[in-house]
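The block underneath contains the structure these notes are about, expressed in structure tokens.
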Amino acid sequence: KVACPGLPKTTSLGFGLQPLVPPIGMTSPGRGICEWLLTILSLLFIILTFPISVWFCMKIVREYERAIVFRLGRLLPGRPRGPGLFFFLPCLDTCHKVDRRLKTLEIPFHEVVTKDMVTMEIDAVCYYRMENASLLLTSVANLSSAVQLLVQTTMKRLLAHRSFSEILLERKSIGQEMKVTLDAVTCRWGIKVERTEINHVRLPTELQQSLAVEAEAQRQAKVRVIAAEGEKAASESLKMAAEILASSPAAVQLRYLHMLQCLSAEKPSTIILPLPFDLMNLVSAASHNSTGSSLPTSAPNHPEAPKDKKDSPML
């Protein structure tokens, strides 16, 4: 709760807190002789014409309303009238009804500059209700315009200390901070701010394009990392499979037959002539032997130096 220095002590009166005496600075001086005479004459006229005048002295206030009575332009002391039936002097009193239900105020788009010098357009929604009808009628002329301008200036001041990313991610905390700041001011007007929320955020076209490019680059980087991890896992699996197949020749042959079956199923018009593994082994062994036998013959024969020949003493 926010303490308002200008409000008197309050007590519970059904639908909220209402002051028992007029707020400070609103106490009217004593009535003059003319006011007393007019009041007495009005009462005498009502008494003389009682059966008929009583119907003009009654006023009905709904459950969600409160009535503020001004007598000869002066605010009558005491709490607001209602709900229900109350009496007033029709010739001297003026009645104003105030709705105590929750009201919604839409704040239009306005420009805000963030801490990192990003210009954006933001709109908001403010929920408020009347808490002190007497103070509200005597202190604020245009309530909706006053609350709207107050919300806009408060939002600009608070968002100037936050970065662009903080505004997008911390809307709830920003709304709560705005609510506390607004309530500290509106309580002097007789208004209670219930909730404030940031509704939409509009970004410039250049900023949207740069954010889109940055997001696309991040997605491509993630795709490349995932593909590299998949290649690594596939290579490890292939290495393990090769080690298993190398230890079992029968498994290699079965894998060979399975591959032939897959090729024939995918392309029926293709004719495949498999070669036996023994023949392939013989061909590979023959090629290996021929390569091994040609190695000594291909080596150049260097003449050996005579053993009995001695080196010259000059060498």
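Within the bounds of segment 160-172, is there any residue that is assigned to a strand (DSSP E or B) and farther than 15 Å from E111 by Cβ? No, there is no match, as no residue in segment 160-172 is assigned to a strand (DSSP E or B) and farther than 15 Å from E111 by Cβ.
Regarding segment 120-135, can at least one residue be identified that is without any contact (Cβ under 8 Å) to a residue 60 or more places away in the chain and open to solvent by 20 Å² or more (accessible area, probe 1.4 Å)? Checked against the condition, which is being without any contact (Cβ under 8 Å) to a residue 60 or more places away in the chain and open to solvent by 20 Å² or more (accessible area, probe 1.4 Å), segment 120-135 yields no hits at all. Please tell me if K97 is within 22 Å of S165 (Cβ to Cβ) and of a type in the set (D, E, K, R). Answer is no for this residue.
Condition first: modelled with pLDDT of 85 or more and either open to solvent by 80 Å² or more (accessible area, probe 1.4 Å) or outside any strand (DSSP E or B) (or both). Can you find one or more residues in segment 24-40 that meet it? So far as segment 24-40 goes, no, none of its residues is modelled with pLDDT of 85 or more and either open to solvent by 80 Å² or more (accessible area, probe 1.4 Å) or outside any strand (DSSP E or B) (or both). In the set (1) exposed (fewer than 14 other Cβ atoms within 10 Å of the Cβ); (2) assigned to a loop (DSSP other than H, G, I, E, B); (3) modelled with pLDDT under 85, T94 fails one condition alone, (2). For the condition without any contact (Cβ under 8 Å) to a residue 24 or more places away in the chain, farther than 20 Å from E197 by Cβ and not assigned by the TED database to the domain that holds H200, G73 qualifies. With the requirement that a residue be modelled with pLDDT under 85 and out of contact with any strand residue (DSSP E or B) (no Cβ under 6 Å at 6 or more places or on another chain), what does segment 60-83 give you? Within segment 60-83, L72, G73, R74, L75, P77, G78 qualify. With respect to the conditions (1) closer than 30 Å to L76 by Cβ; (2) in contact with a Cys (Cβ under 8 Å, 6 or more places away or on another chain), T196 lacks only one, and its number is (1).
One line per residue, one yes/no per condition, for (1) in contact with a strand residue (DSSP E or B) (Cβ under 9 Å, 6 or more places away or on another chain); (2) surrounded by 10 or more Cβ atoms within 10 Å (Cβ to Cβ); (3) more than 30 Å from S165 (Cα to Cα); (4) of a type in the set (D, E, K, R):
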position	(1), (2), (3), (4)
A233	no, yes, yes, no
E236	no, yes, yes, yes
E243	no, no, yes, yes
S247	no, no, yes, no
A251	no, yes, yes, no
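Going residue by residue through segment 63-84, is there one that turns out to be over 17 Å from S134 (Cα atoms) and open to solvent by less than 70 Å² (accessible area, probe 1.4 Å)? Taking every residue of segment 63-84 in turn, at least one turns out to be over 17 Å from S134 (Cα atoms) and open to solvent by less than 70 Å² (accessible area, probe 1.4 Å). Does segment 262-284 contain at least one residue that is on the phi < 0 side of the Ramachandran plot and at pLDDT 75 or above? Checked against the condition, which is being on the phi < 0 side of the Ramachandran plot and at pLDDT 75 or above, segment 262-284 yields at least one hit. Among the conditions (1) assigned to a helix (DSSP H, G or I); (2) within 30 Å of L105 (Cα to Cα); (3) open to solvent by 60 Å² or more (accessible area, probe 1.4 Å), A184 misses just one, which is (3).
The values are calculated or read from the model by the stated rules, or taken from the named source; none is laboratory data. Predicted, not measured: the structure shown is a model, and the values here were computed from it. Counting neighbours? That spans all protein chains shown, and the Cβs are built from the backbone with ideal geometry, glycine included. Accessible surface areas use protein heavy atoms only, side chains included; no ligands, DNA or RNA. Shrake-Rupley method; radii C 1.70, N 1.55, O 1.52, S 1.80 Å.
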